[in-house]
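Peer 1: Here it is, the structure in full.
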Amino acid sequence: MKPRMTAAAAVFVCLVTLPTRGDNLPDAVEHPMVERYPGQELRWQAIDNYREFRLPVGPVTGYRHIDDWLETQGRVTRTFYALEGSGRTWSEVYLNYRGAFAAEGFEILAEGSSEDRKGPAVGGRQWLEIYLRTNPAGTGGEVNTLAAGSSTSGGQGAFVATRDRAAGPVYVVVTVEQHAADYIGTLVDIVEVERAETGLVAVDAEAIGRDLEEKGRVVLDGLYFDFDSPTLQPRSAEALGNIARYLDANPAQTFYVVGHTDSRGSLGYNRELSQARAQAVVDALVNDHGVARERLDAAGVGPLVPVFSNADDAGRERNRRVELVERL
């Protein structure tokens, strides 16, 4: 099932557009996720700190129409590169970008390529025209040559990909086209979506059941501990009550309560802390809510099962968690 995000009204702020011809534009910022193909020149760039952006993840289905879109919003960086007189083909450039993003863990959501650029498939001329019309690049800039290749030009291809991060998902659309025999254009669009802050709303019984059915486990949002301690804070009461209600409604089920930490500190210390926090949750459910102790087993795995990188604060925060895991 493809991920979907709710679109809000478009808000455009802090737009930076750099249509100047030539490489090394004075204010251009090469996106850290992109390593350009050897010999390419950066010819155009536009950056929106926040905007709505639509990603086509299906083929053309009617006149100037695509049915399947991903609605996103966030920081958008659009960069156009030109490769002239290199002797390379568009397919070499296309496959290089696709391979590079796949190697970085991006999931390909849609892709297609064509030598004759005809037809309604993803990556074809019609698809690209609709994509650029939906997310216009403005009236200036070499980027607008993308949908206007000459009759003697070669093929083109495009892919849409995504990767999850602790700070929020990233989406990328890369389009490569042989504009002329000695000219290959590449547009790289990157959308960085900021994830909503988690843990502010306690997990509810319905969400517990849904995640357990789909994944066999659920992160118990709304549990708060004193710093570097297994002591549950009073504001955890709502989450504990919701967990207990789910357990009461499903008396035949048994679970592991599993504590997780980030990677700071020693492995031994973190495993002890995660075990103690899991046990504190079990004790609260048993002592304060009447859950049968034999239904719950506490376990602590410390930093051994991260869901995101521990290299930054956002990742470490997401890795510190307690989960309810189905015990069969």
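Peer 1: Would you pick out the residues in the stretch 205-227 that are acidic (D, E) and either farther than 20 Å from A299 by Cα or not assigned by TED's automatic domain parsing to the domain that holds R318 (or both)? Reasoning before the result, please.
Peer 2: As a first pass, look at the stretch 205-227 and keep what is acidic (D, E): 206, 211, 213-214, 221, 226.
Those that are acidic (D, E) and either farther than 20 Å from A299 by Cα or not assigned by TED's automatic domain parsing to the domain that holds R318 (or both): E206, E213, E214.
Peer 1: For the stretch 271-328, which positions are at pLDDT below 95 and of a type in the set (S, T, Y)?
Peer 2: The answer is S309, and nothing else.
Peer 1: Looking at V143, is it aliphatic (A, V, I, L, M), part of a helix (DSSP H, G or I) and modelled with pLDDT under 85?
Peer 2: So V143 passes the test.
Peer 1: Kindly state which strands (runs of 3 or more DSSP E) lie completely within the stretch 216-328 and contain at least 2 residues that are crowded, with 16+ Cβ neighbours inside 10 Å and of a type in the set (G, A, S).
Peer 2: 296-300
Peer 1: Which one of L83, L95 is surrounded by fewer than 17 Cβ atoms within 10 Å (Cβ to Cβ), in contact with a Gly (Cβ under 9 Å, 6 or more places away or on another chain) and modelled with pLDDT of 90 or more?
Peer 2: That would be L95, the only listed residue that is surrounded by fewer than 17 Cβ atoms within 10 Å (Cβ to Cβ), in contact with a Gly (Cβ under 9 Å, 6 or more places away or on another chain) and modelled with pLDDT of 90 or more.
Peer 1: Select from the stretch 152-174 the residues that are over 19 Å from the mean Cα position of the chain (by Cα) and within 16 Å of Q126 (Cβ to Cβ) and write down the one among them that is modelled with the highest pLDDT.
Peer 2: G157
Peer 1: Now a separate question. Filter the stretch 194-208 for residues that are at pLDDT below 90 and either farther than 25 Å from A161 by Cα or crowded, with 21+ Cβ neighbours inside 10 Å (or both) and give the result.
Peer 2: Once the filter is applied, which keeps residues that are at pLDDT below 90 and either farther than 25 Å from A161 by Cα or crowded, with 21+ Cβ neighbours inside 10 Å (or both), the stretch 194-208 yields G199, L200, V201, A202, V203, D204, A205, E206, A207.
The values are calculated or read from the model by the stated rules, or taken from the named source; none is laboratory data. The shown structure was predicted, so the numbers you read here are calculated from the model rather than taken from an experiment. Every residue, glycine as well, gets a Cβ built from its backbone with ideal geometry; the counts of neighbours run over all protein chains shown.
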